[in-house]
Number of protein chains: 2
Amino acid sequence: MKEKVTNVTIKMLANQLGLSISTVSKAISDSHEISAATKQRVNDLVEKLNYKPNPYASSLRTRNSKTIGVVLPEVADSFFAQAINGIESVAEEKGYHVLIYLSHESFEREEQIIKDFESGRVDGVLISVAKETEQHKHIDTLLEKKIPLVFFDRVIDEVATTKIITDDYEAAFTATEHLIKQGYKQVLFLSFSQILSISCKRLEGYKKALYDNTIKFSSGNVLRFSNDAKKDYSNLLRKLTSLKKGIGVLASVEKLALPVYQACEELQLPIPQDVGLISFSNLDSAAFLHPPLTTITQPAFEMGKAAAALLLKALERKNFELTDEEIVIPSVMIVRKSTL
Amino acid sequence: MKEKVTNVTIKMLANQLGLSISTVSKAISDSHEISAATKQRVNDLVEKLNYKPNPYASSLRTRNSKTIGVVLPEVADSFFAQAINGIESVAEEKGYHVLIYLSHESFEREEQIIKDFESGRVDGVLISVAKETEQHKHIDTLLEKKIPLVFFDRVIDEVATTKIITDDYEAAFTATEHLIKQGYKQVLFLSFSQILSISCKRLEGYKKALYDNTIKFSSGNVLRFSNDAKKDYSNLLRKLTSLKKGIGVLASVEKLALPVYQACEELQLPIPQDVGLISFSNLDSAAFLHPPLTTITQPAFEMGKAAAALLLKALERKNFELTDEEIVIPSVMIVRKSTL
DNA sequence: GTTCTGTACGAAACCGGTTTCGTAAATAAA
DNA sequence: TTTATTTACGAAACCGGTTTCGTACAGAAC
């Protein structure tokens with residue numbers, strides 16, 4: 001009762017047609033070796049029997065699977081959700097399949113996933129690394145095996161392949177300067193990783209804006225978020241309490257914005273009067289938050305699309321290799337009420 | 001320069017060890033036929049050469065791929081994002097791989113995806129159908145091929161397999177009654193499909209609540225959302241304008257909630273005073289919207305997890321079949337300021 | 001000593017395609 | 001007419017594993 005239904009194979013086609021297996025195979029792939037008449041007969045039977053070639057048999061012989069692996073830290077983040085959309089749209093168009101893996105921000109998990117790819121399960125890889133990831137041996141090993149990989153958003157600078165990023169430094173600079181111009185005397189930077197390239201760049205942009213506005217950088221104004229949401233939240237409360245009013249807050253990643261709303265509510269610090277908030281975020285609901293959230297919105301869909309397009313180009317074109325370069329797609333700041 | 005690096009194969013292991021291929025294969029799978037000493041030698045070399053068995057060769061012979069297919073209408077919806085998380089968590093644990101496909105709410109696309117699965121690419125399928133889907137021949141055909149499939153959330157009642165759903169009828173009933181109890185004289189139902197089982201059930205729950213409260217049902221109060229966001233929005237504007245104040249709105253799906261915020265803002269109809277809003281939604285930001293959104297929150301993660309767990313059980317246990325039943329995981333209503 | 005049983009392994013078929021290479025017949029070139 | 005090509009197809013190797021089946025040998029049973 002549970003045994004699989006035997007699928008129709010190319011052998012069955014060949015037998016029914018009185019042709020050889022190789023002839024059928026060639027007919028299906030529209031080889032010039034096969035006459036039009038024979039192709040017609042073959043295709044008719046393919047249609048009639050609803051023949052679906054076994055993809056794994058084909059993959060085994062041809063050494064490619066028409067499958068790409070996508071490694072994400074998580075999926076419950078609008079950025080990644082939109083990025084998947086972009087990736088899927090080009091994969092679909094080119095007839096590729098997408099295997100999805102979540103690292104849950106864990107380096108070990110990411111390492112396991114990447115190591116599995118050495119098996120040849122995927123033709124290429126798109127990755128946005130975990131917040132913990134600082135080494136890149138796992139990725140180097142994969143590249144040595146000539147499995148193309150492109151980074152998007154969360155990249156590792158030291159790895160020599162193509163990276164699709166946004167203008168993190170500039171965006172953070174703009175955001176910080178915006179807060180300063182709006183009159184916030186101090187600016188907090190909510191950091192979610194001290195390791196990630198994007199975090200570092202955003203922090204640098206923040207620092208530069210402070211510098212340009214002759215505000216002294218204080219490491220105490222950089223709040224590091226860990227995995228412990230409770231502790232992070234109480235740190236945030238403490239920090240906000242300790243400061244005078246007129247605090248600007250730059251959340252360097254989407255998930256850090258909502259805790260600020262919550263904390264301000266709890267502490268009765270009205271946004272934007274006492275606290276100005278701007279966040280890197282792709283939330284559709286940003287415009288309807290209370291108050292509407294000023295955001296740095298990343299071109300998530302486009303980044304996913306660009307990354308996938310490049311990867312597939314590298315897979316399809318034998319004379320195209322992924323060079324060590326950064327492709328920057330700019331973010332846009334959308335000013336709303338949370339910053340006056 | 002582009003040719004793939006030849007991976008180490010089981011044959012290379014066998015040669016280096018002076019053993020036969022079959023012995024090595026059995027050693028790796030820890031067969032009782034092989035002596036402990038030999039297993040040790042084999043595993044040592046596996047480690048040393050970083051041998052990764054080709055998954056497609058293995059799939060070909062064993063006729064299973066340790067891969068499941070997940071078909072979603074979209075991914076930029078908190079429900080599906082969380083569901084993926086649930087699915088991935090159990091797939092990961094059981095060593096399964098997950099292929100993701102988006103139907104983008106198109107029946108044709110969904111059909112293509114499902115048809116591809118007839119090739120044997122996946123061992124089993126999880127699906128939440130497109131809003132357009134009313135036929136189910138594509139799914140029947142798959143089931144005839146003995147490829148297990150479980151529905152989650154957006155199910156097709158007529159297909160005889162397991163369905164993981166939430167209590168749509170009751171939740172909509174509760175939501176509607178809540179609006180009525182809060183004093184809204186009329187209740188609008190924002191519908192996003194006339195076909196989907198969940199939509200119908202939610203509509204039924206809505207009707208029942210009206211009936212129980214002796215409010216006459218009017219089909220004019222059911223607003224159908226199409227794919228044309230602009231047209232939908234202007235319909236919504238028109239409807240809200242035409243009604244007296246004190247309108248309750250039940251958004252039967254997450255994406256319909258934000259347009260209501262926008263329309264109320266545009267029409268200067270304060271929520272919750274003039275318009276009460278409740279929505280099926282899993283948005284984390286619901287609590288921080290302006291005003292905070294009362295939601296029916298579905299157990300998305302749990303539903304994904306349950307669906308995946310059941311599917312994998314059907315795949316692993318030969319004496320377990322997916323019966324034609326519904327497993328209901330209840331939603332919870334979280335009352336916030338958008339409904340007084 | 002003979003038969004039986006169990007252990008440890010190897011040869012080969014097999015999964016279902018793709019690809020190489022060989023060849024008979026038809027056609028073109030000389 | 002003979003030779004060179006082209007057309008259309010088939011046999012078989014191949015991809016890299018898994019699985020079946022056969023067997024040599026050691027020790028146990030009789």
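Please treat every number below as a calculation from the coordinates, not as lab data. Just so we're clear, the structure is a prediction, and the values are computed from it rather than from any experiment. Glycine gets a Cβ as well: all are built from the backbone with ideal geometry, and neighbour counts include every protein chain shown.
Taken over the range A:210-336, the convex hull of the Cα atoms encloses 153 Å³ per residue. Here is how far apart the A:GLU204 label points are across copies: 6.0 nm, shortest first, using a point 7 Å from Cα toward Cβ.
Across A:ASN319, A:ASN213, A:ASN15, mean-square fluctuation computed from a Gaussian network of chain A (C-alpha pairs under 10 Å connected) peaks at A:ASN15.
Within the straight-line cut-off of under 21 Å between alpha carbons, the lysines reachable from A:LYS305 are A:LYS66, A:LYS94, A:LYS163, A:LYS313, A:LYS318, sequence neighbours fewer than 8 places apart in one chain being disregarded. In order along the range B:241-255, the phi-based Karplus estimate (6.51 cos²θ - 1.76 cosθ + 1.60, θ = phi - 60°) of 3J(HN,Hα) comes to 5, 6, 8, 6, 6, x, 9, x, 10, 10, 8, 7, 7, 3, 5 Hz; Gly and Pro are listed as x.
Spin-label model, B:LYS216/A:ASN50: points 7 Å from Cα along the beta carbon direction are separated by 5.0 nm.
Taking a sphere under 9 Å around the Cβ of B:PHE79 and counting the other residues whose Cβ falls inside, with K and R at +1 and D and E at -1, yields a net charge of -3. What base-10 log of the normalised intensity I(q)/I(0) is obtained for the range A:128-263 from the Debye formula, alpha carbons as equal point scatterers, at q = 0.14, 0.16 Å⁻¹? Each listed q maps to, in turn, -0.69, -0.84.
In the protein assembly as shown, the calculated helix contribution to ellipticity at 222 nm averages -13500 deg cm²/dmol per residue, counting -39,500 (n - 2.57) for every DSSP H run with n ≥ 4.
Thinking of chain A as a set of Cα atoms, what percent of all their pairs are more than 37 Å apart? Here the tail beyond 37 Å accounts for 34 percent of pairs.
Loop-resident GluC sites (Glu not before Pro) (DSSP state other than H, G, I, E or B) in the range A:1-60 with no more than 11 further Cβ atoms inside 10 Å of their Cβ: A:GLU3, A:GLU33.
Ordering A:LEU277, A:LEU126, A:SER65 by Cα displacement along the dipole of chain A toward the positive end leaves A:SER65 in first place; charges were set at the Cβ atoms of Lys, Arg (+1) and Asp, Glu (-1). Sequence-ordered 3J(HN,Hα) estimates for the range B:83-91 from the Karplus curve with 6.51, -1.76 and 1.60 and θ = phi - 60° stand at 4, 4, 4, x, 4, 4, 4, 7, 4 Hz, glycine and proline given as x. Evaluating 6.51 cos²θ - 1.76 cosθ + 1.60 at θ = phi - 60° for every residue in the range B:126-134, the Karplus couplings come out as 10, 9, 10, 6, 6, 5, 7, 6, 10 Hz, glycine and proline recorded as x.
Restricting the trypsin sites (Lys or Arg not before Pro) of the range A:242-340 to loop positions (DSSP other than H, G, I, E, B) with no more than 11 neighbouring Cβ atoms within 10 Å leaves A:LYS244, A:ARG317, A:LYS318. Around the amide H of A:ILE327, modelled in the peptide plane, lie the amide H atoms of A:LYS163, A:ILE164, A:ILE165, all under 5 Å away and 5 or more residues distant in sequence or on another chain.
In terms of the Cα gyration tensor, with a ≥ b ≥ c the square roots of its eigenvalues, is the protein assembly as shown rounded because a/c is under 1.5, prolate because a/b exceeds b/c, or oblate? Oblate, since a/c reaches 1.5 and b/c is not below a/b. Inter-copy label distances at A:ARG238, using a point 7 Å along Cα-to-Cβ, come to 5.8 nm with the shortest given first. Annotation: the antiparallel percentage among DSSP beta bridges lying fully within chain A is about 10. Between copies, the label points at A:GLU321 (set 7 angstrom from Cα along Cα-to-Cβ) are spaced 5.6 nm, reported in nanometres from shortest to longest. For the options A:THR23, A:THR294, A:THR174, a Gaussian network treatment of chain A with springs between C-alpha atoms closer than 10 Å singles out A:THR23 as fluctuating the most.
A straight line joining the Cα centroids of the range B:108-185 and the range B:16-92 runs 30 Å. Expressed in units of 2.2 N^0.38 Å, where N is the residue count, the Cα radius of gyration of the range A:11-155 is 1.38.
Amide hydrogen proximity for A:HIS97: with H placed 1.01 Å from N in the peptide plane, the residues at 5 or more positions away or on another chain lying under 5 Å are A:THR67, A:ILE68. With a 10 Å cut-off around each Cβ of B:285-295, the average count of Cβ atoms from other chains is 5.
Its residue count N fixes a reference of 2.2 N^0.38 Å for the range A:10-53, and the Cα radius of gyration divided by that reference is 0.97. For the rotational copies B and A, the chain B residue with its Cβ nearest the relating axis, together with that separation in Å, is B:HIS290, 2. Here the extension length gained between B:ASN15 and B:LYS313 equals 103.4 nm, from 0.36 nm per residue of separation less the Cα-Cα distance. The mean number of Cβ atoms from other chains found within 10 Å of a Cβ in peptide A:71-84 is 4, as a whole number. Taking other residues whose beta carbon is less than 10 angstrom from the beta carbon of A:ASN54, and scoring Lys, Arg as +1 and Asp, Glu as -1, yields +3. Against the main long axis of the alpha-carbon atoms of chain B, helix B:197-212 sits at an angle near 30°.
Spin-label model, B:LYS185/A:LYS230: points 7 Å from Cα along the beta carbon direction are separated by 4.9 nm. For the protein assembly as shown, the dipole from Cβ point charges (+1 on Lys and Arg, -1 on Asp and Glu) about the Cα centre works out to 200 debye, to the nearest 20.
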